[in-house]
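Some notes on the structure that comes next.
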Amino acid sequence: LKSHLEHIRRLADDRAHNSSSVDTIERRLADVSKSSQQTVTKHEESQSQVDQNRALLAEMQIELENQRFGRRRVEEDLVSLKRKAEELTSILEGSSLVEKLRKELTEYRDILKCRVCNERRKEVVITKCFHLFCNPCIQHIVETRHRKCPSCSASFGVNDVKPVYI
């Protein structure tokens, strides 16, 4: 009986020891379960964040493509406007060339006009000084017997007036 009592006591001690071990294991299991649940929750949150970031990345890529497309259009417009500006510049330079030519033509016409009346073309030359005038102006000077060149006041005679063909 003693041995049975001893055996029962050992079994009771083992049971108490096993009971405390079970409690410890159950606490550890609860902690691990709680930790596992937190890890799963964090993983789900991270996965949700990854999904949101992927959606945001897709939106940003679309926006980037739109910006690139817009930039290409602006660059094409810029090239087109530069070409137009070059064309307009060449037209303006051409018109300034036309103006220069018109001015030069006016100067040459003025050279061919008589300096006395500024109306008729030069037709005769005074051979003493080689100045040119229109025939009516020189005939008037000859008729009034003034007979001096209107430009340099050199004296000339009727025989010093000769026709010129310009």
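What the table below lists for this structure:
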quantity: Residues of segment 123-154 satisfying the condition of being in a loop (DSSP other than H, G, I, E, B) and closer than 18 Å to ASP110 by Cα; calculated: GLU123, PHE130, CYS134, PRO150, SER151
quantity: Matching entry among ILE91, ILE111, ILE166, ILE138 (being of a type in the set (A, V, I, L, M, F, W, C), over 59 Å from the mean Cα position of the chain (by Cα) and on the phi < 0 side of the Ramachandran plot); calculated: ILE138
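Rule-based calculations on the coordinates, nothing more; no lab input. These figures come from a predicted structure and were not determined experimentally.
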